[in-house]
Amino acid sequence: MRVPCAALAEPPAPAYRRALGYPFVAAAGALLLGSLLLVADSGRIGALWHLFFAPKASVLSAGAWCIVAAGVLCALLAGRWLGVGALRGAVPTRALSALAVVAGACVALYTGLFLAGMRAVPLWNTPWLPALFVASSLSCGAAAFVGLAHASGVAAAFGAHVRRLVRADVALLAVEAACAAGVAASALAGAGGGDTASAGAASALALLFGGEAWAWWLGFAGLGLVVPLACDVALLRAGGIRRAGRFGGAAGAGAGTAVAVASAGCVLAGAFALRACLVMAGAHPVAAF
């Protein structure tokens, strides 16, 4: 969302405090929680030093730095829009916002690149995987912003921006579905082509029809794609219909908020299911047979 110069005045206008301050708080909190979960999953806190200061650059090390940078930038920008902290002025705000976009894009991309570089796990070893993770991350961001905008009561004040994000989310959901199909198709295409290729096909079959299928179809495809798409269509139709009773009035506004918040929750749940299913279904050729 492009912020006009007048909105960068001090103190921030209440509408911008809610529209931008709350999302940056949510983003900083999500990055902090994700970092703590990564540390807990590693089980070796002492190894973090080597992750950040490894003698040889790696995707994992770069991703760790990007997570830290994105978290710090989101915290600074949250303070800026909530009227606390030392960050002031239009130029620093725009500069840090641009850096936050770059850092956020790197965070969205690095996990997919890291997994796609693992040749020993053929399900992941495809360029479709980074594209899938980026599309999923962008969809999560768009849906979460729209949900927070409705929940904080500023969706009407920024109606044009919210509608653009909803339309963008429709496109992102379509791209996400295409990329997920690409991941499965690229793995299935190797059936019968040796141990490695056959392991990839076995992983795809497990993902689509085996032990992970229920979470894939219900969690990712159902909650993560179909339900948010239906919610987006409902929000767009409501925005274009002016007659009473179609998300109009106080009751209609409450219904619109419920739809937007539900869409955000489903997108986030679907993103979790997507990543969990891909991790669980990934098989090494030796372990697959």
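The values are calculated or read from the model by the stated rules, or taken from the named source; none is laboratory data. Small disclaimer: the values here were computed from a predicted structure and weren't measured. Glycine gets a Cβ as well: all are built from the backbone with ideal geometry, and neighbour counts include every protein chain shown. Just so you know, the surface numbers come from the protein's heavy atoms only, side chains and all, with ligands and any DNA or RNA stripped out. Shrake-Rupley method; radii C 1.70, N 1.55, O 1.52, S 1.80 Å.
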*segment 71-82, residues that are open to solvent by 30 Å² or more (accessible area, probe 1.4 Å) and farther than 16 Å from residue 102 by Cβ*: 75, 82
*Does residue 68 meet the test of being touching a Gly at 6+ places or on another chain (Cβ under 9 Å) and open to solvent by 30 Å² or more (accessible area, probe 1.4 Å)?*
no
_Evaluation of residue 106 against (1) open to solvent by less than 40 Å² (accessible area, probe 1.4 Å); (2) touching a Cys at 6+ places or on another chain (Cβ under 6 Å); (3) within 23 Å of residue 20 (Cα to Cα) (one fails), failing number_ = (1)
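Residues checked against (1) at pLDDT below 90; (2) open to solvent by less than 50 Å² (accessible area, probe 1.4 Å):
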residue	(1), (2)
93	yes, yes
119	yes, no
123	no, yes
166	no, yes
*Run residue 256 past the list (1) part of a helix (DSSP H, G or I); (2) among the small types (Gly, Ala, Ser); (3) modelled with pLDDT under 95; (4) under 30 Å from residue 124 (Cβ atoms) and report the number of the one that doesn't hold.*
(4)
_For segment 116-135, give me each residue that is touching a Gly at 6+ places or on another chain (Cβ under 8 Å) and part of a helix (DSSP H, G or I)._
128, 129, 130, 131, 132, 133, 134
_Return the pair list, or none, for Cβ contacts closer than 8 Å from residues in segment 129-143 that are closer than 12 Å to residue 225 by Cβ to residues that are of a type in the set (A, V, I, L, M, F, W, C) and open to solvent by 40 Å² or more (accessible area, probe 1.4 Å), at least 6 apart or on different chains._
135/175; 143/268
*Could you tell me whether segment 187-204 includes any residue that is within 28 Å of residue 263 (Cα to Cα) and assigned to a helix (DSSP H, G or I)?*
yes
_Take the conditions over 22 Å from the mean Cα position of the chain (by Cα) and at pLDDT below 85 and apply them to residue 3. Does it pass?_
yes
*asked:* Just checking, does segment 87-95 include any residue being under 25 Å from residue 147 (Cβ atoms), basic (Lys, Arg) and touching a residue at least 60 places away in the same chain (Cβ under 8 Å)?
replied: no
*Consider residue 38 against the criteria (1) surrounded by fewer than 16 Cβ atoms within 10 Å (Cβ to Cβ); (2) closer than 30 Å to residue 154 by Cβ; (3) modelled with pLDDT of 75 or more: it satisfies all of them except one. Which criterion is unmet?*
(2)
*Quick one: is residue 168 within 18 Å of the chain's Cα centre (by Cα), in contact (Cβ under 8 Å) with a residue 60 or more places away in the chain and assigned to a helix (DSSP H, G or I)?*
no
